[in-house]
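Working notes for the structure below.
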Amino acid sequence: MKTPLVSEPSRGRTGTPIAQILSVVAAVALVLSCSHASVTPVTRTELTLGTTVTISVYQKINEKVLDRAFARVNEIDKTMNRVGDGSEIAKVNAQAGTGPVVVTPDVYDVVRTGIHFGELTDGAFDITVGPLVALWGIGTDDAHLPTQAEIAKVLPLVDYRLVTLNDADHSIYLQKKGMQIDLGGIAKGYAADEAARILSEAGVKSAILDFGGNILVIGSKPDGDPWRVGIQTPDKPRGNYLGIVRTSNRTIVTSGPYERYFVVDGVRYHHIFDPKIGYPTQNHLISVTIESDDSMLADAMSTSAFVLGLKKGHDFVEGYKGMDAIFVTDSGSVYFTSGLDGVFTLDDPSYHRESFPADSGSTESTSPSS
Ligand code: AMP
Ligand code: MG
C-alpha cells in the first residue's frame with residue numbers, strides 16, 4: 001500500500017511577493033510505504049517561494065530547528081525575488097544600465113551559478129529572462145500572448161553575457177536599462193539546500209523537504225529503506241505517478257510545462273522560455289526530472305535540459321558529474337540515464353521506455369521512434 005504524503009503545490013498566485021516569479025510546477029510527489037507508519041513526522045507547511053513548502057522530519061526534534069529552516073527559506077524568498085521591497089535582486093534590476101549593486105554573498109553565488117549555466121548551455125538557461133517573464137505574465141492574472149513587436153523589443157535585454165559580476169565586492173551590474181534577473185529557475189533548489197543544511201547541522205538524519213515539487217530527502221526512511229519519490233505523470237491529475245525513484249540523501253527536481261500555462265488556438269504557452277526566440281519552448285518534452293545531490297544545480301539543470309531538448313539536454317546531463325535524468329515526451333516516451341537503472345521504475349502503462357537517440361547530432365527536439 002502506498003500513501004501519498006506530501007506535495008500540494010500552489011496554482012497561480014499565492015499572495016506571496018515571489019509568487020509571480022518562481023516556478024510552481026508540481027513536479028513530483030512522495031509516496032511512502034506504510035512500513036514505518038509508527039513514526040509520526042514533525043511536519044510544517046508554509047507558503048513561500050511562490051509555492052507550498054513542506055518539511056517533514058522523521059525523528060524527535062526541537063521545533064526551533066524548523067523555525068530556523070523556514071526563516072532561512074523566507075529570507076531567500078525575500079532577497080532573491082525579481083521584484084519587491086527588500087529584494088536584492090530587485091535592486092540590481094532597478095539599477096540596470098545605471099550602476100552596480102553590492103549584494104550579499106549567497107545572492108551573489110546563486111547569480112554566479114546561474115550565469116555559469118548560461119555559459120554551459122550557450123544561453124538556453126538564462127537568468128536575465130526577467131523581461132520575458134514580466135511580458136508574458138504566465139501564472140499571473142496578466143498572462144497574455146504578446147505581439148511579435150513586444151517580444152522583439154525585450155529580446156535584446158535577455159542576455160546573460162551582459163551581466164558584469166565583480167568577485168571583489170560581490171556587485172552585480174546589468175549593462176542595459178530594462179534588463180532583469182529572474183532566479184525562478186534556480187532559487188527554489190538553493191533554498192532546499194539551505195533548509196537541508198540547517199536540519200542536518202541540527203542532527204536531523206531522516207527528513208523530506210518538498211519545495212512545491214522540488215524534493216530533497218535527508219538520509220533514508222526511519223526503517224533504513226530508501227525513500228520512494230513518485231514522479232508526477234505530466235498532464236494527469238496530481239497523485240498519478242509515472243514511476244518511482246527509490247533513493248537516499250538525494251534531490252529530485254522536475255521542470256515541466258503542465259501546471260503553469262495558458263492555451264491560445266490549441267497552443268500551450270507555458271512558463272519556461274527559449275531565451276533566443278522569446279517564446280515558451282516547444283520541443284515535445286513534457287517533463288525533465290533531475291536526480292542529484294545538489295538541489296540548486298539540479299534546479300538549474302532541469303530547466304536547462306528542458307529548454308535544450310532531448311538530445312542536447314541528455315548530452316548536457318551526461319557531461320555533468322553526479323546528475324541523472326528522466327525525460328518524458330508528448331508521445332509517451334520515457335528516457336532515463338543509466339544511473340537510474342534499478343533506482344527508477346516506470347509504472348504508468350501508458351508510457352514506455354525508449355533508449356536515448358544515437359549521437360547523430362541532428363536535432364535538439366525529440367523524435368520518438370514509436
Ligand atoms: P523551473 O520550474 O525550475 O524549470 O523554472 C521555471 C522558471 O524559471 C520560470 O517560471 C521563470 O521564472 C524562469 N525561467 C523561464 N525560462 C528560463 C530560462 N530559459 N532560463 C532560466 N530561467 C528561466
Ligand atoms: Mg529549475
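The values are calculated or read from the model by the stated rules, or taken from the named source; none is laboratory data. Values in this document were obtained by computation on a predicted structure and should not be read as measured data. For neighbour counting, all protein chains shown are included, and Cβ atoms are generated from backbone atoms with ideal geometry for every residue, glycine included. To get the accessible areas, we keep the full protein, side chains included, count just its heavy atoms, and leave off ligands, DNA and RNA. Shrake-Rupley method; radii C 1.70, N 1.55, O 1.52, S 1.80 Å.
One table, with the values for the structure above:
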| read-out | value |
| --- | --- |
| Residue list for region 291-303, restricted to those being more than 10 Å from ligand 1 (Cβ to nearest atom), part of a helix (DSSP H, G or I), open to solvent by 10 Å² or more (accessible area, probe 1.4 Å) and in contact with a strand residue (DSSP E or B) (Cβ under 8 Å, 6 or more places away or on another chain) | none |
| Single residue of Tyr173, Tyr190 found to be aromatic (Phe, Trp, Tyr), at pLDDT 95 or above and not in a helix (DSSP H, G or I) | Tyr173 |
| Qualifying residue in region 85-97 (condition: modelled with pLDDT under 95 and either farther than 16 Å from Asp193 by Cα or of a type outside the set (A, V, I, L, M) (or both)) | yes |
| Failed criterion for Val288 (all others in (1) in a strand (DSSP E or B); (2) crowded, with 21+ Cβ neighbours inside 10 Å; (3) in contact with a Leu (Cβ under 8 Å, 6 or more places away or on another chain) hold) | (3) |
| Criterion (surrounded by 24 or more Cβ atoms within 10 Å (Cβ to Cβ) and outside any loop (DSSP other than H, G, I, E, B)) met by exactly one of Ile244, Ile215 | Ile215 |
| Single residue of region 177-204 satisfying the filter (within 16 Å of ligand 1 (Cβ to nearest atom) and among the acidic types (Asp, Glu)) that is farthest from Tyr108 (Cα to Cα) | Asp193 |
| Number of positions in region 79-120 that are near ligand 1 (Cβ under 9 Å from one of its atoms) and open to solvent by 10 Å² or more (accessible area, probe 1.4 Å) | 1 |
| Hits in region 195-234 - residues which are within 19 Å of Gln59 (Cβ to Cβ) and among the small types (Gly, Ala, Ser) | Ala195, Ala196, Ser200, Ala202, Gly203, Ser206, Ala207, Gly219, Ser220, Gly224 |
| Some residue of region 161-170 being among the hydroxyl-bearing types (Ser, Thr, Tyr), under 25 Å from Val102 (Cα atoms) and open to solvent by 10 Å² or more (accessible area, probe 1.4 Å) | yes |
| Out of Pro222, Pro234, sole residue that is over 18 Å from the mean Cα position of the chain (by Cα) and either open to solvent by 10 Å² or more (accessible area, probe 1.4 Å) or of a type outside the set (Asp, Glu) (or both) | Pro222 |
| Leading residue by the ranking (nearest to Pro349 (Cα to Cα)) among those in region 262-279 that are within 16 Å of ligand 2 (Cβ to nearest atom) and part of a strand (DSSP E or B) | His270 |
| Extreme residue, nearest to the chain's Cα centre (by Cα), among residues of region 171-193 that are open to solvent by 10 Å² or more (accessible area, probe 1.4 Å) and more than 16 Å from ligand 2 (Cβ to nearest atom) | Gln180 |
| Gly239 vs. criteria part of a loop (DSSP other than H, G, I, E, B), open to solvent by 10 Å² or more (accessible area, probe 1.4 Å) and touching a Pro at 6+ places or on another chain (Cβ under 6 Å) | yes |
| Matching entry among Val264, Val229, Val245 (being farther than 20 Å from Ala325 by Cβ, β-branched (Val, Ile, Thr) and more than 10 Å from ligand 1 (Cβ to nearest atom)) | Val264 |
| Which numbered condition His314 fails, given (1) surrounded by fewer than 23 Cβ atoms within 10 Å (Cβ to Cβ); (2) assigned to a helix (DSSP H, G or I); (3) within 13 Å of ligand 1 (Cβ to nearest atom) | (3) |
| Members of region 331-344 that are surrounded by fewer than 23 Cβ atoms within 10 Å (Cβ to Cβ) and either within 20 Å of the chain's Cα centre (by Cα) or part of a strand (DSSP E or B) (or both) | Ser333, Val334, Tyr335, Thr337, Leu340 |
| Verdict on Ile208 being within 25 Å of Arg260 (Cβ to Cβ), touching a residue at least 12 places away in the same chain (Cβ under 8 Å) and not in a loop (DSSP other than H, G, I, E, B) | yes |
| Qualifying residue in region 122-133 (condition: open to solvent by 60 Å² or more (accessible area, probe 1.4 Å) and at pLDDT 95 or above) | yes |
